[in-house]
1. Among the helices (runs of 4 or more DSSP H) confined wholly to region 57-140, which include 1 or more residues that are closer than 26 Å to Pro155 by Cα and modelled with pLDDT of 95 or more?
2. Within region 217-225, is there a residue that is more than 22 Å from Ala296 (Cα to Cα), in a helix (DSSP H, G or I) and touching a residue at least 12 places away in the same chain (Cβ under 8 Å)?
3. Among the residues of region 11-23, write down those that are touching a residue at least 24 places away in the same chain (Cβ under 8 Å) and surrounded by 18 or more Cβ atoms within 10 Å (Cβ to Cβ).
4. Run down Ala67, Ala51, Ala26 and say which single residue is touching a residue at least 60 places away in the same chain (Cβ under 8 Å) and in contact with a Leu (Cβ under 9 Å, 6 or more places away or on another chain).
5. Exactly one of these conditions fails for Lys210: (1) basic (Lys, Arg); (2) within 30 Å of Glu284 (Cα to Cα); (3) surrounded by fewer than 18 Cβ atoms within 10 Å (Cβ to Cβ). Give me its number.
6. Name every residue in region 159-173 that is in contact with a helix residue (DSSP H, G or I) (Cβ under 6 Å, 6 or more places away or on another chain) and either over 30 Å from Ala188 (Cβ atoms) or loosely packed, with under 12 Cβ neighbours inside 10 Å (or both), in order of residue number.
7. If you go through region 1-10, how many residues are more than 23 Å from the chain's Cα centre (by Cα) and surrounded by 11 or more Cβ atoms within 10 Å (Cβ to Cβ)?
8. Being small (Gly, Ala, Ser) and closer than 18 Å to Gly292 by Cα is the requirement here; does Ser107 meet it?
Amino acid sequence: MFYALLSAALLAVLAGCLVGSALLGASWFQLLIAAALGVLFTQVSFLAHEAAHRQILAAGPANDRLARALGALAGLSYSWWDSKHSRHHANPNRAGRDPDIEVDTISFLAEDAANAKGLRALITRRQGWLFFPLLTLEGLNLHFLSFRHLLSRAPVKGRWTELALLALRFSLLLVPLFWLLPLGMAFAFLGVQLAVFGLYMGATFAPNHKGMPVIARDAKLDFFSKQVRTSRNISGGWWATWLMGGLNYQVEHHLFPSMPRPHLARARLIVREHCRALDVPYTETSLWRSYGIVIAYLNRVGLAARDPFACPIASRYGRP
């Protein structure tokens, strides 16, 4: 019932965006529709994520088909996401094994920051402060990574189905956009939609593990400790659950990845008590505090990319 109501609400928002866009015509108020679509596609991505974890429907294959369709609606490849996300869940924050902490413009490990060269080194030195501005490009990056995966020579399950779905999705978005709006307005619309989508996606996933302990490649940890110690919950109750698609209960999601969103709050109470009994740290903080932690962590990592011969006092006061 929960997912049926949520899907109906998202369909109503999509219909409202289409009607609103048609009524507005060649108006710069179209950028408000673009921002709404960025939020909508992120919410659809949350549903695709839950379907991929077998949380929505009773049968596994049905969930896979739903995840593939929802992912395509958001402009993402389900097969790419599933492969990457499965490896993340198996080894969260484990160096060399978790794809979510592999270097990709941003360095999440000091050794990656130390090896940064050229433009990436310049970004890495201030990557904490640049992190959220860079997320405005993450939507474009996610689309690129999806197509790169599907067009690679590696075996991909459902390759042609996903390519057809993504081609249909981008055709339905881009053809009317550039046909009905002036060229500059169409590009602005697309830019706002991608920026909001990327920022919203990144701002949702970043608090979950960034700044939490990083596990050495060869470290031995039991499943419970590994999942709990590397995950961070976000407080806020129902509004945080809606805003983050249930990922505010990251600890419980990692312990019970197939548990549907409506049950995570109740599981949190049990998990917290179990952690207290076992003396395992259970981390939960506010959304804004988590962003501060992420920025500070990335800036600390970025120190490894700075000139080891530079005087820190001189750098601080702008003197050679």
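The values are calculated or read from the model by the stated rules, or taken from the named source; none is laboratory data. From a predicted model like this one, the values you see are computed outputs, not experimental measurements. Every residue, glycine among them, receives a Cβ derived from its backbone with ideal geometry; neighbour counts consider all protein chains shown.
1. Passing ranges, in order: 60-74, 78-90.
2. Yes, the conditions are met somewhere in region 217-225.
3. Result: no residue meets the conditions.
4. Being touching a residue at least 60 places away in the same chain (Cβ under 8 Å) and in contact with a Leu (Cβ under 9 Å, 6 or more places away or on another chain) holds for just one of Ala67, Ala51, Ala26, which is Ala26.
5. The one condition Lys210 does not meet is (3).
6. Arg159
7. Summing the residues that are more than 23 Å from the chain's Cα centre (by Cα) and surrounded by 11 or more Cβ atoms within 10 Å (Cβ to Cβ) in region 1-10 gives 0.
8. Spelling it out, Ser107 is indeed small (Gly, Ala, Ser) and closer than 18 Å to Gly292 by Cα.
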